[in-house]
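**Student:** Shown below is the structure under consideration.
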Amino acid sequence: MSDDGPIEFTDVQMARASLILSLRQHCITQPDILRAFESVPHEAFIPRDYAEYAYREGSLPIACGQSITSPSILAAMLVALEPANSGKLLEIGTGTGYSAALLARLAKRVFTLERHQELAHIAQTNWGQLSISNIVGFHLDGLLGLAGHQPFDRILLNGAVAEVPEILLEQLADGGVLVAPVGAAGERQTVTRIERADDDFVTTEHGSVRLAALVPGKSRPL
């Protein structure tokens, strides 16, 4: 959990049901993705001061001057990614670990990279408290990927890039899919899905978002 002590919620089940309804209103209807959002406690990944907003639409601040992506944007990117039943998944930008926890409900194994050491440790604590065992987190520069564990069936970028780094595309398995918000920082970006077919890459667009840019960081194992 992001801060000490339990988070008190008067009716967590009702709050989660409200979130699922909101996602449906945003045209998120895939049962596996909705089940993941319903089963992962969002309040466990945000600061206590923002607990009352855990199941409302909108991004929320977390440590290191970062923010946790709003549920509808994250869900839309997961729809484009189609992570269900994938073998190995790579996430760039761990934050406090919420999106990795969702992905862990969908993929067999999740590798996730975070450039802020404090956030990487917070995420590890959160997963441990929820007994999530199929996530491997690293304090690394995510834009370099994780060559020692490639290829990946899915790669998700939790932040914007001006263009998708070639090194990440090289780490995709044949038939693998990468999803990233592509565009300038501070402007609306295009949710871009890239599917690898041998040495060819097929690109499709899946709506627009406005997310903070991913920036290079120091590379260190957690």
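**Student:** Between residue 91 and residues 5 or more places away or on another chain, which pairs have amide H atoms under 5 Å apart, with H built 1.01 Å from N, and which residues are they?
**Tutor:** 111, 112, 113, 156
**Student:** Next up: Quick check: pseudo-label points 7 Å beyond the Cα along Cα→Cβ at residue 21 and residue 173, how many nm apart are they?
**Tutor:** 3.9
**Student:** Relative contact order of the chain, please, whole-number percent, based on alpha carbon pairs below 8 angstrom and at least 6 residues apart.
**Tutor:** Reported relative contact order: 16 percent.
**Student:** In a Gaussian network model over the chain where Cα atoms closer than 10 Å are linked, find which of 114, 205, 91 has the largest mean-square fluctuation.
**Tutor:** 205
**Student:** Which shape class applies to the stretch 26-114: rounded if a/c is under 1.5, otherwise prolate when a/b exceeds b/c and oblate if not, where a ≥ b ≥ c are the square roots of the Cα gyration tensor eigenvalues?
**Tutor:** The shape class here is oblate.
**Student:** Follow-up. Sticking with the crude label model, points 7 Å out along Cα→Cβ, report the distance from residue 30 to residue 163 in nm, one decimal please.
**Tutor:** 2.8
**Student:** Search the structure for amide H atoms under 5 Å from the amide H of residue 189, placed 1.01 Å from N in the peptide plane, and list their residues when 5 or more places away or on another chain.
**Tutor:** Close amide H contacts, sequence-distant or interchain: 209, 210, 211.
**Student:** While we're looking at this one, here's another question. Charges on Cβ only, +1 for Lys and Arg, -1 for Asp and Glu, centred on the Cα centroid of the chain; of 132, 65, 107, which one is farthest towards the dipole's positive end?
**Tutor:** My answer, from the dipole projection, is 132.
**Student:** Against the longest alpha carbon principal axis of the chain, how many degrees, from 0 to 90 and to the nearest 10, is the axis of helix 71-81 turned?
**Tutor:** 30
**Student:** At most 16 other C-beta atoms within 10 Å and a DSSP loop state: those are the exposed trypsin sites (Lys or Arg not before Pro) I care about. Give me the longest piece of the chain that has none.
**Tutor:** Counting at most 16 other Cβ atoms within 10 Å as exposed, the longest clean stretch of the chain is 109-187.
**Student:** Please list, in order along the stretch 13-27, the HN-Hα scalar couplings obtained from phi with the Karplus expression 6.51 cos²θ - 1.76 cosθ + 1.60 (θ = phi - 60°), rounded to whole Hz, x for Gly and Pro.
**Tutor:** Whole-Hz 3J(HN,Hα) from phi for the stretch 13-27: 4, 5, 5, 5, 4, 5, 5, 4, 4, 4, 5, 4, 5, 8, 6.
**Student:** Determine how many Å³ per residue the convex hull of the Cα atoms of the chain encloses.
**Tutor:** In the chain, the Cα hull volume divided by residue count equals 109 Å³.
**Student:** Right, next: So for the stretch 147-222: antiparallel DSSP bridges make up what percent, rounded to the nearest 5?
**Tutor:** Rounded to the nearest five, the antiparallel share is 70 percent.
**Student:** Let me ask another. Dipole of the stretch 46-193, Cα-centred, from +1 at each Lys and Arg C-beta and -1 at each Asp and Glu C-beta, to the nearest 20 debye?
**Tutor:** Computed charge dipole of the stretch 46-193: roughly 380 debye.
**Student:** Sticking with this structure for a sec: Connecting C-alpha atoms closer than 10 Å in a GNM of the chain, tell me which of 37, 111, 201 has the biggest fluctuation.
**Tutor:** Result: 201 has the largest fluctuation of those listed.
**Student:** For a test of the definition: using alpha carbon positions, the gyration tensor, and the 1.5 limit on a/c, classify the stretch 102-146 as rounded, prolate or oblate.
**Tutor:** Because a/c hits 1.5 or more and a/b fails to exceed b/c, the stretch 102-146 counts as oblate.
Quick note: the coordinates plus some simple rules give every number you see, no bench work behind them. For clarity, every value in this text was computed on a predicted model and none was experimentally measured. Here the Cβ is made from the backbone with ideal geometry for all residues, glycine too, and neighbour counts use every protein chain on show.
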